[in-house]
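**Q** Dropping the structure in here first, questions after.
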Amino acid sequence: MSVIEALIAALGDGSVEVLDLTTPLSRDTPILNLPAPFANTVGLSLSPVSNFDDAGPAWAWNDVSVGEHAGTHLDAPVHWISGRDGKSVDQIEPSRLIGPLVVIDKTAEVLEDPDFLLEPEHLRQWQEDHGMLPDNCWIIFRTGWSARGGNAADFVNADEAGPHTPGVSAAGARWIAGNASISGFGVETVGIDAGQAGTFDPMFPVHSFLLGADKYGVTSLCQVDRLPVLGATLIVAPLPIVGGTGSPARVYALVEAR
Ligand code: MN
């Protein structure tokens with residue numbers, strides 16, 4: 001049997017399951033909200049072209065308006081000033097968007113401290129526990145945060161000091177950016193940086209270091225608690241918006257049924 005035949009058979013008999021890690025995209029999907037004076041993006045809106053009416057008696061269709069960075073979406077290098085000479089979303093090779101996923105689970109720590117930050121020591125400890133990171137891998141940062149997705153205020157978790165959501169320290173982001181095995185970094189939160197990352201040095205270090213190193217980010221993932229630490233395959237499928245700095249994306253994981 002060829003590899004593809006084996007995959008098709010495994011998908012057919014359920015021994016490989018397709019998990020959808022995408023947050024459904026609606027007008028209510030939480031989006032990033034920057035403080036003044038910065039401009040903000042928009043979420044999803046649909047405007048009907050026809051709906052089985054005089055404008056189209058047998059067909060329904062909508063026009064879509066949505067920010068590149070709304071809902072579950074990919075950050076391309078050109079999103080950030082450090083990557084401005086890099087790839088736009090349409091230029092990213094598909095082979096970089098499909099790869100082994102590894103899960104770093106800090107759910108318990110985040111429950112204690114919503115501002116929890118991933119540090120190089122956590123990444124090094126993961127490798128001591130599970131071995132070296134596989135080539136072309138995506139790190140999925142499991143925090144349990146998607147459980148708050150049904151409530152916009154809980155999801156943003158802001159007070160007068162701004163949002164409090166987990167992320168990565170500047171040192172942690174530098175470590176990930178410098179690791180040649182890593183293609184991308186996925187999170188359950190609204191952005192790839194911590195809620196307080198505007199106060200870090202440099203500010204928004206995951207954006208700054210990863211996008212500047214031709215690595216990619218994907219946000220607002222759900223069902224992350226169903227992923228094994230190792231052994232699943234991630235498929236990230238953004239729209240190939242020419243010149244786009246990112247795109248809403250469908251994100252799947254192929255997982256061996258347990
Ligand atoms: Mn983004």
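The values are calculated or read from the model by the stated rules, or taken from the named source; none is laboratory data. Just so it is clear, the model here is predicted, and its values are computed rather than measured. Counting neighbours? That spans all protein chains shown, and the Cβs are built from the backbone with ideal geometry, glycine included. These area figures cover heavy atoms from the full protein model, side chains too; ligands, DNA and RNA do not enter into them. Shrake-Rupley method; radii C 1.70, N 1.55, O 1.52, S 1.80 Å.
Matching residues to (1) surrounded by fewer than 24 Cβ atoms within 10 Å (Cβ to Cβ); (2) within 16 Å of the ligand (Cβ to nearest atom); (3) not hydrophobic (A, V, I, L, M, F, W, C):
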| site | (1), (2), (3) |
| --- | --- |
| Gly150 | yes, no, yes |
| Gly172 | yes, no, yes |
| Ser181 | yes, no, yes |
| Val187 | no, yes, no |
| Gly198 | yes, yes, yes |
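**Q** Sticking with this structure for a sec: For the list (1) within 13 Å of the ligand (Cβ to nearest atom); (2) buried (at least 18 other Cβ atoms within 10 Å of the Cβ); (3) part of a loop (DSSP other than H, G, I, E, B), I need the number of the one condition that Thr29 fails.
**A** (1)
**Q** Any residue at all in the range 48-55 that is in contact with a strand residue (DSSP E or B) (Cβ under 6 Å, 6 or more places away or on another chain), within 20 Å of Ile241 (Cα to Cα) and small (Gly, Ala, Ser)?
**A** Scanning the range 48-55 turns up no residue that is in contact with a strand residue (DSSP E or B) (Cβ under 6 Å, 6 or more places away or on another chain), within 20 Å of Ile241 (Cα to Cα) and small (Gly, Ala, Ser).
**Q** Among (1) surrounded by fewer than 24 Cβ atoms within 10 Å (Cβ to Cβ); (2) more than 16 Å from the ligand (Cβ to nearest atom); (3) within 17 Å of the chain's Cα centre (by Cα), which single condition is Leu234 missing?
**A** With respect to (1) surrounded by fewer than 24 Cβ atoms within 10 Å (Cβ to Cβ); (2) more than 16 Å from the ligand (Cβ to nearest atom); (3) within 17 Å of the chain's Cα centre (by Cα), Leu234 is out only on (1).
**Q** Moving on. If we keep just the residues of the range 32-82 that are assigned to a loop (DSSP other than H, G, I, E, B) and of a type in the set (D, E, K, R), which is farthest from the ligand (Cβ to nearest atom)?
**A** Filtering the range 32-82 for residues assigned to a loop (DSSP other than H, G, I, E, B) gives 32-44, 54-55, 66-69, 71-72, 76, 80.
Then drop every residue that is not of a type in the set (D, E, K, R), which leaves 54, 68.
On the way: Asp54: 40, Glu68: 7 Å.
Looking at residues that are assigned to a loop (DSSP other than H, G, I, E, B) and of a type in the set (D, E, K, R), I get Asp54.
**Q** Can I ask one more? Within the range 152-162, how many residues turn out to be more than 18 Å from Leu221 (Cα to Cα), open to solvent by 50 Å² or more (accessible area, probe 1.4 Å) and not in a loop (DSSP other than H, G, I, E, B)? Can you show your working first?
**A** Initial filter on the range 152-162 (more than 18 Å from Leu221 (Cα to Cα)): 158-162.
Checking the rest, the ones that are also open to solvent by 50 Å² or more (accessible area, probe 1.4 Å) come to 158-161.
After this cut, where a residue has to be not in a loop (DSSP other than H, G, I, E, B) as well, the list is 158-159.
Going through the range 152-162 one residue at a time, the tally reaches 2.
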